[in-house]
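Peer 1: Could you have a look at this structure, given as C-alpha cells, before my questions?
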Amino acid sequence: MLKMSKLAKAYYTDTVKTQALQPFDLEVKQGEFVAVIGPSGSGKTTFLNIAGLLEDYCEGQYTLDGKDVTGLSDKQKSRLRNEKIGFIFQGFNLIPELNLFDNVEMPLRYRSFSASERKQRVMDALQQVGLASRKDHYPQQLSGGQQQRVAIARALAGSPAFLLADEPTGNLDSKMADGIMSLLKDINAKGTSILMVTHDTEQASQAQRIIEIRDGVLSERHAPEQAIA
Amino acid sequence: MKDLKPILSTLWRSKSAPLLLILQIAVTFTILVNAVYLIIQKEALLIEPSGLDEEVIFTLHTNVQSSEAEEMIALVKQDLRDVRALPSVENVTVMNSFPLSDWGSYAPTGLGPTEEDMNIYTGYFTGDEHAIAAMGLELIAGEGPSEAEVQDSIDFSADATQAVVSKGFAELYYPDDWRAILGTTVYLNYEPFIVKGIVKDLKSVWPGWYSHANTVLIPLRHISSNYKMLIRSRPGELEQAKQQVVRELMKTPGRQLDKVMDYQQIRADKFKSETAAIKTLYWVIVGLVLLTLLGIFGQARFTVVKRRKQIGTRRALGASRTDILRYCMTENAIVTSVGIVVGVICALLANVQLVNHFDMAPVPVVYLLQVAGVILIVGQLAVCQPAWMATRVSPALATRSV
C-alpha cells in the first residue's frame, strides 16, 4: 500500500548540504499499524511530510496505493492526499470559525461528492468518533480529546487508504490520549492502515511495527504484535 | 461556489474585520457614484453644443469713436463692411452678447401680455441680418430677418416686432408641434413679437440655467459706445482672420479692442470652475479607489498571514493551489459585494439629498451598476497578490507546531 525505495531527503543552502533522511526502504501493507519514533530533530517530521506528500524527496521512489508519486504535479499530489491519506495532526488543526460538521466536511468539498453524499459521510464519521450529536458545536466548545476525535472523523470521512497521525496524543492528557489510542486501534481493526509518528514509546508499543529514526537513519525496531492483540 | 458556505460561516464568526472593510467599500461606493455622476453631468455641460459653429468664430469688443447716435450707427456699419471685406472673413455681425460669454440678457416671455402670461425667462440676443449665418445657426423653419427688417438700436431703444426663436423655445409653448409657433405672437418683456423663424439650436449665456435652450434672436443692430462683434472666418483661417480683423480695426485712430477671443477660449473661460471641479473630483475618485484598493489589499494580506496554518492544513487535506486562490477571491468578492449593496443604499440616500438640495437629476441605475463593477474589479485586483501568496503556503506547514 505504501512503498518507499531508497528514499532520501537533504536540505541545501548555498554552501551546506544537510542530510535529513538517509536513503531507506520501507513498506507498509494494507491494514498495518506502524509507529515511527525518534527523538526531536531526528527527521520524524520530514519523514511524515514525505509520506503525506507534503514535502518532496530528493531521491528514490515512493509508491502510494500502487501509484508512483515521483514527479507528480502539485495538483496531482493534492488530489492524492485528499483521496488516499487521512491526516491527524498533533494540534488538531480544526478551523475555529467552522462547526464540527463543516470542519469534517471541508476535505470532502475538494472532491466531486454530492451534497447528500458529503452529509452522509460526515455524519458517519462523526458517529464513528461519538460526536454526531455535537455537529453544530464549534471546536472551542470541545475538550482537547474531543477536538482530536473531530480531526479523526475529518480524516476518516474521505475513506482514505491510510491514516497519517502526527503525534496524535501530543497535546492531550493521559486519559484522553488513551481514548484516542483506543479509537485509532478500533479504526485499524476495521482495516484502515495507520502510520503514526510519536515520541511516546508506550503508545508506539501498541502498534504492530515500530520504525525508529535516529539522525536521519530509519531502522525497524521490533514487531510487538502481541501488543495489539 | 462550493466554498460559499464555509466562507459565509467564517465571515459570520469573525465579523469585525470584514465589517470594517464593508463599511469602507460602502463609503467609497457612495462617494464614487455621486462623484462620477457629478463629473458626467459637468462634462455634459462642457461639451454641450452652443448651436454656434465654434471652430470658425471669434468675438471682440470695440469702441465707437463718437457719441452721436447717427454717427455711431454709421461708424459701426462701416466697421462691419470693412471687416466683411477681409479675405479671411466669411461673415460678421454685431450682437448684444454671445452664447457662453461672460455677460448676457434675458427677458420674461409668454404667449400673452399680462404679468401672469410672463411665466418664463428666456435668453435674449440681438443681431443683424447676418447674425444667423455668422453664428452658423441652422434655420429649420421660417426665415431670418432681411436687411430692411433690422433696426438700429442705441441701448435697446428701437421697437423690433419680429423674432427668431430656438427650437427649445418653440417646444416650450408648442410641445406637440413646435412649428406651429411660426407666425404667432409671443411677448418678450410685455412687448409683442411675431415669430419669423426657428433655429435648431441657440443656447443662452448661462449653461445649467433652466432656460438655457430657450432663446430668442431679435433683429436689432445693438450699438453702444462699446459694442460686440462676432466674426466668422473662412474654414481653417481663424488665426489669420483674427490678425487681419485686428489690423484692419486698429487702423482707426482711438480704436480700442478688447477680448479678442475665439470660442475655444470663451468656452474654456466659461467652464473654468467646472473644469477645476472635475479635476478635483477625478483626484478624489483616484484617491478613494486607491484607498479602497489598499484597504482590501491590507485586509486580505493580513488575513492570509493570520491564516497561514489554516491554509497549510487545507492544502494538506487536499486543497490545490487553485482551490486556495478561488477561496480567497470568492471571500473578497463576497465582502466587496456586501459593501456594494450597503453602498447602493447609502448612495441612493445621498443622491436623494443632492436631488433635494441642489436640484440634480436622480442618479441613473446604470451608474450604480458601472461603479459596482469597477469596485468589484478593484477588489479582485487588490486581493490578487495576497491570494497568490496564500497559494504559496506549503502544505507542510500543517505539521509544524508554530
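The values are calculated or read from the model by the stated rules, or taken from the named source; none is laboratory data. Given the structure is predicted, the values throughout are model-derived calculations rather than measurements. Heads up, the Cβs are rebuilt from the backbone with ideal geometry, glycines too, and the neighbour counts pull from every protein chain shown.
Peer 1: State yes or no: is A:Q148 more than 13 Å from chain B (Cβ to nearest Cβ), in contact with a Pro (Cβ under 8 Å, 6 or more places away or on another chain) and part of a helix (DSSP H, G or I)?
Peer 2: Against the criterion (more than 13 Å from chain B (Cβ to nearest Cβ), in contact with a Pro (Cβ under 8 Å, 6 or more places away or on another chain) and part of a helix (DSSP H, G or I)), A:Q148 qualifies.
Peer 1: Please name all residue pairs, on different chains or six or more residues apart, with Cβ atoms under 7 Å, provided the first residue is in the range A:45-71 and is within 11 Å of another protein chain (Cβ to nearest Cβ) and over 13 Å from A:G86 (Cα atoms) and the second residue is outside any helix (DSSP H, G or I) and aromatic (F, W, Y).
Peer 2: Between residues of the range A:45-71 that are within 11 Å of another protein chain (Cβ to nearest Cβ) and over 13 Å from A:G86 (Cα atoms) and residues that are outside any helix (DSSP H, G or I) and aromatic (F, W, Y), the close pairs are A:I50/A:Y57.
Peer 1: Does B:P145 satisfy the condition of being assigned to a loop (DSSP other than H, G, I, E, B) and within 24 Å of B:L60 (Cβ to Cβ)?
Peer 2: In short, yes.
Peer 1: Just for the range A:107-120: of the residues that are of a type outside the set (D, E, K, R) and farther than 18 Å from A:D166 by Cβ, which one is farthest from the other protein chains (Cβ to nearest Cβ)?
Peer 2: The selected residue is A:Q120.
Peer 1: Continuing with the same structure: Return only the number of the condition from (1) buried (at least 22 other Cβ atoms within 10 Å of the Cβ); (2) within 11 Å of B:I25 (Cβ to Cβ) that B:E331 does not satisfy.
Peer 2: Here B:E331 clears every test but (2).
Peer 1: Here's something else I'd like to know. Could you list, in sequence order, the residues of the range A:77-105 that are part of a loop (DSSP other than H, G, I, E, B) and at the interface with another protein chain (Cβ under 9 Å from one of its Cβ atoms)?
Peer 2: Of everything in the range A:77-105, those that are part of a loop (DSSP other than H, G, I, E, B) and at the interface with another protein chain (Cβ under 9 Å from one of its Cβ atoms) turn out to be A:F89, A:Q90, A:G91, A:N93, A:L94, A:I95, A:P96, A:E97, A:L98, A:N99.
Peer 1: Could you tell me whether any residue of the range B:92-105 is surrounded by fewer than 14 Cβ atoms within 10 Å (Cβ to Cβ), farther than 26 Å from B:R179 by Cβ and among the acidic types (D, E)?
Peer 2: yes
Peer 1: Next up: Check the range B:312-319 and report whether any residue there is more than 14 Å from chain A (Cβ to nearest Cβ), in a helix (DSSP H, G or I) and of a type in the set (S, T, N, Q).
Peer 2: The answer is no, given that none of the residues of the range B:312-319 is more than 14 Å from chain A (Cβ to nearest Cβ), in a helix (DSSP H, G or I) and of a type in the set (S, T, N, Q).
Peer 1: Search the range A:167-194 for residues that are in contact (Cβ under 8 Å) with a residue 40 or more places away in the chain and pair each with any residue that is among the charged types (D, E, K, R) and assigned to a loop (DSSP other than H, G, I, E, B) when their beta-carbon atoms are under 9 Å apart and the residues are at least 6 apart or on different chains.
Peer 2: Partner pairs satisfying both residue conditions: A:E167/A:D200; A:G170/A:D200; A:N188/A:E32; A:S193/A:K29; A:S193/A:E32; A:I194/A:E32.
Peer 1: Let me ask something additional. Would you mind listing the strands (runs of 3 or more DSSP E) fully within the range A:3-76 where at least 1 residues are out of contact with any Pro (no Cβ under 8 Å at 6 or more places or on another chain) and closer than 20 Å to B:S401 by Cα?
Peer 2: Once the strands (runs of 3 or more DSSP E) in the range A:3-76 are filtered for at least 1 residues that are out of contact with any Pro (no Cβ under 8 Å at 6 or more places or on another chain) and closer than 20 Å to B:S401 by Cα, what remains is A:17-28, A:33-37.
Peer 1: Same structure, new question: Please go through the range B:87-119 and pick out each residue that is of a type in the set (G, A, S), outside any loop (DSSP other than H, G, I, E, B) and either outside the structural domain of B:A131 (by TED's automatic domain parsing) or within 26 Å of the chain's Cα centre (by Cα) (or both).
Peer 2: Across the range B:87-119, the qualifying residues are B:S105, B:A107.
Peer 1: For the range A:199-229, name all the residues that are part of a strand (DSSP E or B) and modelled with pLDDT of 90 or more.
Peer 2: Once the filter is applied, which keeps residues that are part of a strand (DSSP E or B) and modelled with pLDDT of 90 or more, the range A:199-229 yields A:R209, A:I210, A:I211, A:E212, A:I213, A:R214, A:V217, A:L218, A:S219.
Peer 1: Of the conditions (1) closer than 22 Å to A:F92 by Cα; (2) within 12 Å of chain A (Cβ to nearest Cβ); (3) among the β-branched types (V, I, T), B:V304 fails just one. Which one is it?
Peer 2: (2)
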